[in-house]
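*Asks:* The structure is given below, and queries will be raised subsequently.
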Amino acid sequence: MTLHRVAAAQFFSGTDVAANLQLCADHIRRAADAGARLVVLPENSNRVRDHADRRQCWELSETLDGAFVSGLRETARERGVYVAAGVDLRGEAAPDVYICSVLIGPDGEIVGVHRKHVLWDYEYTLFVPGDEPYQVHETELGRIGLLLCADGIVPDTPRALALLGAQILCNSLNSRGPDEFRVHVPLRAMENRVFHVAANTVGGPADGWPWMGGSQIVAPDGTRLADAGELEPGIVVADIDPGEADDKAVSGIGDVFAWRRTDLYAPLTAPLEALPVASMCGPAPQEMPTRPLRVVALQVSHFPNTEWTVTRALDQIAYAGRRGADLGVLPALFCFAPGEEAADPAAAAKLSAQVLERLGRACAEAGVWVVAHLVEESAAGRYHSTAYLVDGTGRIAHTYRKTHLNSAEREWAVPGDRIDVARTEIGTIGLMVGDEVWVPEVARLLTLAGAEVIAHPADWRVPEAAHVAATERTEENRVHLVSCTRLDSPAGVGSQVLRADEFAPGQPIALMRYPTGYWSRPGFEEQLLVDLDLRESHSKVMGHHLDPVATRSPGLYGMFLG
């Protein structure tokens, strides 16, 4: 074990650049005095952005050989520490300015510069997004990847850096949204099994939503090792062993990178115009009418025996029909006791066929579409963990054989070989099963294929699966997500419906960035009925300018297929 102390600092930079440089230097020195060898500073540490236009932005921004960056280099050399600082840097020609993370070594030399790829909303009016290939920097502390704020509210940049071998993500933020602290920063650590050192601006003028702070240091398993809170300036430090990020193993899953299905990921590298989602990007057309879809999470699962369970599910479907539901979702392997399918997959497949037939009759009688996760037997005695979409006439409209099997499923099931959507009379529906919520590629691929809603038979193992991972899948893809969990789910979290939330001018920042959620109580046989509007999934913008789907850089994603 080789421990290195790292630090994240949070403060507010005003209009006095010299004072801001002194503020940065003070925080670097304080962190070094606390034993830190790496210090991460917020985005635009050089100056608050009160620019009227691109020309003024150019005039007030920095250069790598200017006084501000030179001052940071001097302080890094003085204290012998690495510094990752967010600085707005002029481009090669006026009025181009890039939002940059500058990594400075303990000798004061510049190790690397990352130009922010994904900009936050208004930033598109002042700055140019970077388009350089991703880089990971080898240092004596470990392999470091750089990103800035909105780079992390989409899965692509952190994933690319992790696949290139990053052990530590240094994230400089300038965020007024609560989602960075609660969702984006911890999840990018968890889904990639890397350390995440995130430093955000805090406070600022009381003229609106404050900068949210929440600077933190997160371990590969999502543990917050240090947290600066959301109110006051300060520094937090933690000791990390970067080598821990080379271990990608997760209990019950295995190696999360080996878990990936690169043979299915070609659409991730395809140009936007070649994908069905292209017509859904940007704001929804004004002439597009509302497209209501009433969804229901049918929260019922095995208790106390199989027949009783199936009967209750049939009753739930009938009741959902009386309530006017269009689409219902049952929990993962709802009719089986935990582990029953693995103990005897042949018997489980036989029972599943019988249950599927009964579900079909119930759907036809109720006029409701239902998603059910069961065991399927295919040719040559092979078994699959399969989700079925049964239509309102009782016919199977779509099947999805789970492609990302966990360690228990690999003992009895064969993975599927496609991730696609069903284009139906009630909407374009994608299916995702259980712990696939932790794989950003699954929901992303369904989104690229044109999904308007993702149905998710679930079995939450930990609360973060719902509150962090599932929340992020809706936020980063702007697609509705209906997750129905088992009664015996160990997380103590109920079923959840997240809506894509169409952006509207005047929307408060927090509402722009957090999808509206609806929940049922855990452990109770309940129905969670929610009225969605599929129009919302055709509005991919998160604000006036940022489209988290259209801003992807597929030409840089070759590592996704490796």
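The values are calculated or read from the model by the stated rules, or taken from the named source; none is laboratory data. Computed from a predicted model, the values in this text were never measured in an experiment. Every residue, glycine among them, receives a Cβ derived from its backbone with ideal geometry; neighbour counts consider all protein chains shown.
*Asks:* Here are some residues: Leu187, Leu141. Which one is over 15 Å from the mean Cα position of the chain (by Cα) and not basic (Lys, Arg)?
*Replies:* Among Leu187, Leu141, only Leu141 is over 15 Å from the mean Cα position of the chain (by Cα) and not basic (Lys, Arg).
*Asks:* Quick one: what pairs do we get from segment 52-67, first residue exposed (fewer than 15 other Cβ atoms within 10 Å of the Cβ), second at pLDDT 95 or above and outside any loop (DSSP other than H, G, I, E, B), C-beta under 6 Å, 6+ apart or different chains?
*Replies:* Thr63/Arg90
*Asks:* Also: What is the residue count in segment 327-378 for residues that are part of a loop (DSSP other than H, G, I, E, B) and under 18 Å from Trp460 (Cα atoms)?
*Replies:* 10
*Asks:* Let me ask another. Return the pair list, or none, for Cβ contacts closer than 8 Å from residues in segment 189-208 that are closer than 20 Å to Leu3 by Cβ to residues that are basic (Lys, Arg) and outside any loop (DSSP other than H, G, I, E, B), at least 6 apart or on different chains.
*Replies:* What qualifies is Val194/Arg188; His196/Arg188.
*Asks:* Six or more apart or on different chains, Cβ under 9 Å: which pairs go from a residue in segment 272-293 that's at negative phi to one that's exposed (fewer than 15 other Cβ atoms within 10 Å of the Cβ) and not aliphatic (A, V, I, L, M)? Could you list them?
*Replies:* Cβ pairs passing all conditions: Ala278/Pro271; Pro283/His544; Pro292/Asp531; Leu293/Asp531.
*Asks:* May I ask you to verify whether Ala320 is in contact (Cβ under 8 Å) with a residue 40 or more places away in the chain, assigned to a loop (DSSP other than H, G, I, E, B) and buried (at least 22 other Cβ atoms within 10 Å of the Cβ)?
*Replies:* no
*Asks:* Ok, one more. Checking Pro338 against (1) closer than 15 Å to Thr309 by Cβ; (2) free of Cβ contacts under 8 Å to residues at least 60 places away in the same chain; (3) surrounded by fewer than 24 Cβ atoms within 10 Å (Cβ to Cβ); (4) within 35 Å of the chain's Cα centre (by Cα), which single condition isn't satisfied?
*Replies:* Just one mismatch for Pro338, condition (2).
*Asks:* For Gly523, indicate whether it is at positive phi and assigned to a loop (DSSP other than H, G, I, E, B).
*Replies:* yes
*Asks:* Also, quick follow-up: Which residues, counting only those in segment 271-317, are part of a loop (DSSP other than H, G, I, E, B), more than 29 Å from Val442 (Cα to Cα) and touching a Ser or Thr at 6+ places or on another chain (Cβ under 8 Å)?
*Replies:* Phe303
*Asks:* Which one is nearest to Leu231 (Cα to Cα) among residues in segment 199-209 that are modelled with pLDDT under 90 and of a type outside the set (A, V, I, L, M, F, W, C)?
*Replies:* The extreme case among them is Pro205.
*Asks:* Also: Do you know which of the residues in segment 363-375 that are buried (at least 23 other Cβ atoms within 10 Å of the Cβ) and in contact with a helix residue (DSSP H, G or I) (Cβ under 7 Å, 6 or more places away or on another chain) is farthest from Leu293 (Cα to Cα)?
*Replies:* Val375
*Asks:* In segment 520-562, how many are closer than 22 Å to Ala466 by Cβ and out of contact with any helix residue (DSSP H, G or I) (no Cβ under 8 Å at 6 or more places or on another chain)?
*Replies:* Number of matching residues: 11.
*Asks:* Just to be sure, is Ser520 under 15 Å from His480 (Cα atoms), touching an Asp or Glu at 6+ places or on another chain (Cβ under 9 Å), touching a residue at least 40 places away in the same chain (Cβ under 8 Å) and assigned by TED's automatic domain parsing to the domain that holds Arg444?
*Replies:* no
*Asks:* Please find, among Leu532, Leu487, Leu546, the residue that is at negative phi, in a strand (DSSP E or B), touching a residue at least 24 places away in the same chain (Cβ under 8 Å) and buried (at least 18 other Cβ atoms within 10 Å of the Cβ).
*Replies:* Only one candidate qualifies: Leu532.
*Asks:* How many residues are among the hydroxyl-bearing types (Ser, Thr, Tyr) and in contact with a helix residue (DSSP H, G or I) (Cβ under 7 Å, 6 or more places away or on another chain) when one looks only at segment 125-171?
*Replies:* 2
*Asks:* Let me ask something additional. Of everything in segment 230-249, what is small (Gly, Ala, Ser), more than 12 Å from Leu38 (Cα to Cα) and crowded, with 16+ Cβ neighbours inside 10 Å? Give them in sequence order.
*Replies:* Correct list: Gly234, Ala245.
*Asks:* In segment 467-484, how many are under 13 Å from Val433 (Cα atoms) and either touching a Phe, Trp or Tyr at 6+ places or on another chain (Cβ under 6 Å) or in a helix (DSSP H, G or I) (or both)?
*Replies:* Residues meeting the conditions: 1.
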